[in-house]
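Each remark here refers to the structure printed beneath this line.
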Amino acid sequence: MVDAGTLCTGPNVQLKAGANCNTTAISEVVTNITILMAQGTICANAKYDYVTNYASVSAIGKEFLRDVCSSLAAVYAISWDMSGFTSRTEAQTMLDVNWTIVREGLTLLRDDKYHAFVLRGTTG
């Protein structure tokens, strides 16, 4: 099976979810689903289809989108089953770190100037 995502890949999600995340939640089958969900959320919030128009995204913009998308998919994975983490606090910290990246990323993507930066690598 091949990664179904455009904005990030399964290994990106696995890295963000951490070593103690449930293995099923970060399996390729599941990350293919959660990545697509994350991509939909990103595009809906930005009101722009970065997935279809991926070729027009700047190199640095692609890395930004990878960061946001993998963090959102990792939130889905971690919250699915927190039992593998050493403590509830560890799982919550992982969720908090990833959710902060998502929240700040989505806020930036709603800004027209930042949208231009993602596409062109510059605001000018």
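Within region 80-87, not a single residue is under 28 Å from A19 (Cβ atoms), under 11 Å from the mean Cα position of the chain (by Cα) and in contact (Cβ under 8 Å) with a residue 24 or more places away in the chain. Each residue in region 1-11 was checked for being surrounded by 17 or more Cβ atoms within 10 Å (Cβ to Cβ) and either aliphatic (A, V, I, L, M) or under 23 Å from S87 (Cα atoms) (or both), and 1 of them qualify. Among the residues examined, D49 qualifies as acidic (D, E) and in contact with a helix residue (DSSP H, G or I) (Cβ under 7 Å, 6 or more places away or on another chain). Summed over region 48-79, residues that are closer than 17 Å to R103 by Cα and free of Cβ contacts under 8 Å to residues at least 24 places away in the same chain total 2.
All of the numbers you see were taken from the coordinates with simple rules; none came from a lab. Computed from a predicted model, the values in this text were never measured in an experiment. Here the Cβ is made from the backbone with ideal geometry for all residues, glycine too, and neighbour counts use every protein chain on show.
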